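Right, one structure below, let's go through it.
The values are calculated or read from the model by the stated rules, or taken from the named source; none is laboratory data. All figures in this text were calculated on a predicted structure; none of them were measured in a lab. Every residue, glycine as well, gets a Cβ built from its backbone with ideal geometry; the counts of neighbours run over all protein chains shown. Just so you know, the surface numbers come from the protein's heavy atoms only, side chains and all, with ligands and any DNA or RNA stripped out. Shrake-Rupley method; radii C 1.70, N 1.55, O 1.52, S 1.80 Å.
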Amino acid sequence: MTPAGADWLASAAASPRSTLSRWAARPTAPTVLTCGSAFDVVSVPCVFGRRMLERLWAEGPGSGPVAAYRDRTLLFAVPGTAQRLPSLLSWQRWDGTGAGGRDETAPPLLCHGVGDAVTVPPLLPGAPSGPHWLVAPETRHPWLPGPEVLLWACVRAARATLRAARAAAGPIPRPRTGATPDRLPQSCC
């Protein structure tokens, strides 16, 4: 975390100066910041979030700041993303069919925007099990993905997850030729 990145994060607080003072006194303490002005946050399950990050960095524009907290990945996004992304996801046509014939989709995403607050990691690494930065903010004006970029990453990650699940399941067994309900092999009865 750079001082410019800390300034950017503090700009989301009601009182940026007091937030910076608190961080100076306790740089290993996480902080709660409001969403909707400097950033929105999209929270996804940890493994799926890592897959989204892989897609963003390998095939796309990269990511803005990203944190991990408990079993979630927090992707910092352009303000307004929390309002728009859920509707984009609902319109998305998902590939494949999951267990029980259900359409395969992305796992539940929690979108935090105006009126919401999130716990952000400390400036310096704190407790190993606490929140931590995967991609820390480094500038006063970091690039933040918008809803379309996150939709793209989500779709790519869901498709990769589906391909991995299909590969792990192996080939689908095919019925033996000549076997019909009235001519089943004796071992089936």
Query raised in the report: Scanning for something more than 15 Å from the chain's Cα centre (by Cα), open to solvent by 90 Å² or more (accessible area, probe 1.4 Å) and at pLDDT 80 or above, does the stretch 154-169 turn up at least one residue?
Result: no
**Report entry** Single residue of the stretch 137-153 satisfying the filter (in contact with a strand residue (DSSP E or B) (Cβ under 9 Å, 6 or more places away or on another chain) and not in a helix (DSSP H, G or I)) that is surrounded by the fewest Cβ atoms within 10 Å (Cβ to Cβ)
**Finding:** Gly146
Query raised in the report: What are the residue pairs meeting all of these: first residue in the stretch 116-127, first residue under 15 Å from Ala14 (Cα atoms) and of a type outside the set (Val, Ile, Thr), second residue at pLDDT 90 or above and surrounded by 16 or more Cβ atoms within 10 Å (Cβ to Cβ), Cβ atoms under 6 Å, and 6 or more apart or on different chains?
Result: Asp116/Cys35; Ala117/Thr34
Query raised in the report: Of all residues in the stretch 78-131 being modelled with pLDDT under 90 and of a type in the set (Val, Ile, Thr), which is nearest to the chain's Cα centre (by Cα)?
Result: Thr105
Query raised in the report: Would you pick out the residues in the stretch 24-55 that are under 17 Å from Phe76 (Cβ atoms), of a type in the set (A, V, I, L, M, F, W, C) and more than 11 Å from the chain's Cα centre (by Cα)?
Result: Val32, Leu33, Cys35, Ala38, Phe39
Query raised in the report: Considering the stretch 11-40 alone, what residues qualify as being in contact with a Leu (Cβ under 7 Å, 6 or more places away or on another chain) and over 16 Å from Leu144 (Cα atoms)?
Result: Ala13, Trp23, Pro27, Thr28, Leu33
